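The values are calculated or read from the model by the stated rules, or taken from the named source; none is laboratory data. The structure displayed is predicted, hence computed values, not measured ones. Because the Cβ atoms are built from the backbone with ideal geometry, glycine has one as well, and the counts that use them run over all protein chains shown. Each accessible area value is taken on the protein alone, full model and side chains, heavy atoms only, with ligands, DNA and RNA left out. Shrake-Rupley method; radii C 1.70, N 1.55, O 1.52, S 1.80 Å.
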Amino acid sequence: RDILGFYPFCPQSLIKSRKRRYPSGITKWLADLGHVEGKRVMAVFETREGAENYLRQTKLNLKQQGTESVTLLPADRILYATWKDRLAEVGASIDDAGAFYLRHHRSLMPAPNFTEIVREFMAEQTRLNSAKYVDDLQRPNLQSLLIAMEGKEIGDIRREDVQRWVIAGECSLSHQRNKRATVSGLLKYACSARYISINPIAGDNGIKIAKGSKGEVLSYGPKEMRRLLKTALTGSHSGRVPKTREPLLLRHDAFLGYLSAALFCGLRPEEIKRTPLSSIDTAGRTLVVSARVSKTNKPRVIELSRVATAWFRLWRCRAPHEASLIPTTFRGRWDSLRNEAGLPELHDGLRHTFATMHYALHQNTSQLKALMGHEESEDTLFKHYRAVRTVSGETVTKKMAQEFWSLMPTVVRGTRKARVSKATATQS
């Protein structure tokens with residue numbers, strides 16, 4: 001029966017009903033709540049049942065709503081009921097009215113348009129954080145947020161708007177979490193700059209994202225990688241010149257550097273993007289991942305295999321003017337290359353393939369963790385990267401790994417002698 005025992009301002013012993021006889025001889029029942037916020041609260045009833053019902057309901061209200069359910073003046077109750085009815089006529093609630101007032105309170109700074117606020121936010125992040133952090137922050141694509149919130153002011157953004165943008169595009173759960181972190185940081189900045197009074201996704205209004213299950217880790221097999229590398233050697237992507245919109249043919253061999261770093265060195269996409277070409281030494285057969293480039297801020301040196309060295313050298317011969325391992329307009333061109341090669345989409349598929357094939361050939365966990373930038377004590381390798389089956393359902397074997405690490409450019413495109421023989425056979 002100790003319903004309100006945790007309320008120090010209203011001890012259970014003082015919440016009671018008692019009989020009271022007045023000098024006139026009239027008997028009534030007194031419901032006594034004790035002292036609530038320094039004020040004695042009592043109510044009088046004709047019957048004991050009425051007093052006890054009042055006490056029971058009041059205890060429940062105190063537990064659910066706090067002391068305001070008892071101390072609210074009658075005039076305030078009338079005002080609340082009046083505004084509730086008036087707001088209901090226009091389809092709003094008391095909560096909507098309070099949120100609107102806080103967003104547009106006159107003590108706030110005049111807010112620029114949404115695009116300017118995003119620019120200010122990124123400028124502050126650039127000033128306070130490393131270039132790598134800012135680069136990671138932009139990965140969820142702030143441009144898509146600008147498009148989604150087009151025509152809205154920062155004070156008009158609601159939780160539902162943010163939720164809709166976070167889950168848009170059927171993106172992965174990890175991408176949704178990245179997007180949530182980005183927009184949360186932006187709204188926190190808007191609060192600190194006094195453009196808004198409340199963060200619409202703070203506290204209990206936070207955007208909830210299901211944990212989900214990653215399912216079985218899969219990798220590509222040597223057959224799929226042979227098709228991908230051959231398509232990169234021979235294919236092209238139809239695009240347009242940005243300003244003139246004239247047709248433009250972009251060759252896929254610009255991706256050979258990216259494929260070498262991801263597929264045969266196991267670099268993460270963001271690490272590839274930040275890796276300068278000066279870090280690649282094909283003569284000494286090394287690739288340096290500096291602390292500034294590494295996701296974990298820990299440098300590592302990767303000894304290039306024969307196959308990785310060969311593909312890096314071929315890339316420099318075929319695309320000498322490329323200034324980065326990541327080609328321009330990456331996403332559209334990568335999708336075109338992958339689709340042309342008939343490759344199913346697989347999150348971190350190239351890195352999974354590197355880890356899987358390296359382990360299948362060498363069975364050396366410590367060496368593989370060092371190459372991938374994992375701590376020795378981490379269980380990330382077997383939990384998220386190393387697969388036992390390929391996307392086609394084949395079991396990964398040592399023979400399959402040997403075939404993978406033999407995918408030299410001459411093997412993928414065929415030797416000159418083999419090409420001549422094939423051409424002669426076709427003519428005859």
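Remark: pairs (first residue in the range 305-328, of a type in the set (Asp, Glu) and in a loop (DSSP other than H, G, I, E, B); second residue modelled with pLDDT of 90 or more and surrounded by fewer than 19 Cβ atoms within 10 Å (Cβ to Cβ); Cβ separation under 9 Å; 6+ apart in sequence or on different chains) = Glu322/Leu277; Glu322/Arg316. Pairs linking a residue in the range 98-119 that is modelled with pLDDT under 75 and open to solvent by 50 Å² or more (accessible area, probe 1.4 Å) to a residue that is of a type in the set (S, T, N, Q) and assigned to a loop (DSSP other than H, G, I, E, B), with Cβ atoms under 6 Å and 6 or more positions apart or on different chains, are Leu102/Ser197; His105/Ser197. Which of the residues spanning the range 329-347 are more than 25 Å from Ser174 (Cβ to Cβ) and either of a type in the set (S, T, N, Q) or not in a helix (DSSP H, G or I) (or both)? If the condition is that a residue be more than 25 Å from Ser174 (Cβ to Cβ) and either of a type in the set (S, T, N, Q) or not in a helix (DSSP H, G or I) (or both), then Gly342 is the only one that fits. Residues in the range 120-140 that are within 22 Å of Lys273 (Cβ to Cβ) and touching a residue at least 60 places away in the same chain (Cβ under 8 Å) were compared, and the one that is least open to solvent (accessible area, probe 1.4 Å) is Phe121. For the range 371-382, the criterion of being in contact (Cβ under 8 Å) with a residue 40 or more places away in the chain and among the aromatic types (Phe, Trp, Tyr) is met by no residue. Annotation: of all residues in the range 348-374 being in contact with a Ser or Thr (Cβ under 8 Å, 6 or more places away or on another chain) and assigned to a loop (DSSP other than H, G, I, E, B), the one that is surrounded by the most Cβ atoms within 10 Å (Cβ to Cβ) is Gly373.
Scanning the range 156-210 for residues being acidic (Asp, Glu), at pLDDT 85 or above and surrounded by 15 or more Cβ atoms within 10 Å (Cβ to Cβ) gives a total of 1. Could you go through the range 289-306 and let me know if any residue there is touching a Pro at 6+ places or on another chain (Cβ under 7 Å) and β-branched (Val, Ile, Thr). Yes, the range 289-306 has at least one match. Screening the range 272-291 for residues that are in a helix (DSSP H, G or I) and either over 23 Å from the mean Cα position of the chain (by Cα) or without any contact (Cβ under 8 Å) to a residue 40 or more places away in the chain (or both) and picking the one that is surrounded by the fewest Cβ atoms within 10 Å (Cβ to Cβ) gives Ser278. So, in the range 15-62, of the ones that are open to solvent by 60 Å² or more (accessible area, probe 1.4 Å) and part of a helix (DSSP H, G or I), which residue ends up modelled with the lowest pLDDT? Step by step, filter the range 15-62, then rank; the result is Leu60. Within the range 77-92, residues that are assigned to a helix (DSSP H, G or I) and at pLDDT 80 or above reach partners that are surrounded by 10 or more Cβ atoms within 10 Å (Cβ to Cβ) and β-branched (Val, Ile, Thr) with beta carbons closer than 8 Å, at six or more positions or on different chains, in the pairs Trp83/Ile94; Lys84/Ile94; Leu87/Ile94.
State yes or no: is Arg300 closer than 29 Å to Asn141 by Cβ, under 24 Å from the mean Cα position of the chain (by Cα) and surrounded by 12 or more Cβ atoms within 10 Å (Cβ to Cβ)? I'd like the intermediate steps shown before the answer.
Values: closer than 29 Å to Asn141 by Cβ: yes; under 24 Å from the mean Cα position of the chain (by Cα): no; surrounded by 12 or more Cβ atoms within 10 Å (Cβ to Cβ): yes.
It is false that Arg300 is closer than 29 Å to Asn141 by Cβ, under 24 Å from the mean Cα position of the chain (by Cα) and surrounded by 12 or more Cβ atoms within 10 Å (Cβ to Cβ).
For Gln143, indicate whether it is without any contact (Cβ under 8 Å) to a residue 60 or more places away in the chain, within 26 Å of Ser290 (Cβ to Cβ) and exposed (fewer than 14 other Cβ atoms within 10 Å of the Cβ). Taking the combined requirement at face value, the residue does not satisfy it.
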